[in-house]
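A short write-up of the structure that comes next.
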Amino acid sequence: MSDHNWKAGDMALCVHDGGWNLLDGTDAEGPNAGEINTVRRVGSDPAGVIGLWFEDYPGDRPCDGYPAKSFRKIRPHAPDAEDAETIRLLKRQPEAAPC
């Protein structure tokens with residue numbers, strides 16, 4: 001299931017394993033499974049297939065996009081109290097005494 005809210009600057013995790021066919025069906029070099037790329041541009045073909053263009057992969061033709069269904073958006077994580085506790089434990093710092 002792909003996220004249809006892609007925009008330039010998003011981080012995309014490749015979940016595609018194997019060869020690539022671009023939006024026009026031609027074979028191409030492309031990201032490997034597990035690779036993370038920054039989205040440079042988002043578009044779609046006449047059939048409505050959403051395509052992503054990446055900073056690390058050249059090409060601006062309509063057919064140079066990679067199908068969005070082959071990627072998962074990496075959402076930024078805001079640190080929370082659990083993160084602070086994990087960091088404290090990793091650093092082995094004693095917890096402050098309660099007042």
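The values are calculated or read from the model by the stated rules, or taken from the named source; none is laboratory data. Bear in mind the structure is a predicted one, so any value in this text is a computation, not a measurement. Using ideal geometry, Cβ is built from the backbone for each residue, glycine included, and neighbour counts are taken over all protein chains shown. Just the protein is used for accessible areas: all its heavy atoms, side chains included, with ligands, DNA and RNA removed. Shrake-Rupley method; radii C 1.70, N 1.55, O 1.52, S 1.80 Å.
Points to keep in mind about this one:
- Of the solvent-accessible surface of the chain, computed with a 1.4 Å probe over protein heavy atoms with every protein chain present, carbon and sulfur atoms account for 55 percent.
- Calculated FRET value between Ala33 and Glu55, using beta carbons and R₀ = 22 Å, to 0.05: 0.70
- A straight Cα-to-Cα reach below 21 Å connects Lys7 with the lysines Lys69, Lys73, residues fewer than 8 places away in its own chain not being considered.
- For the chain, modelled as a GNM whose springs connect Cα atoms under 10 angstrom apart, the maximal fluctuation among Glu82, Glu29, Glu55 occurs at Glu82.
- Solvent exposure of the chain, expressed per residue, is 70 Å² of accessible area, with all protein chains present and a 1.4 angstrom probe.
- Expected 222 nm ellipticity per residue - DSSP helices of 4 or more, -39500 (n - 2.57), all of the chain, to 500: -3500 deg cm²/dmol
- Spatially proximal aspartates and glutamates relative to Lys91 (Cα-Cα < 19 Å; intrachain offsets below 8 disregarded): Asp80, Glu82, Asp83
- The structure shown yields volume of the Cα convex hull per residue in Å³, and of the options (i) 99; (ii) 163; (iii) 134 that calculated value carries the label (iii).
- Full-extension gain in nm, Ala81 to Arg41, via 0.36 nm per residue minus C-alpha separation: 10.9 nm
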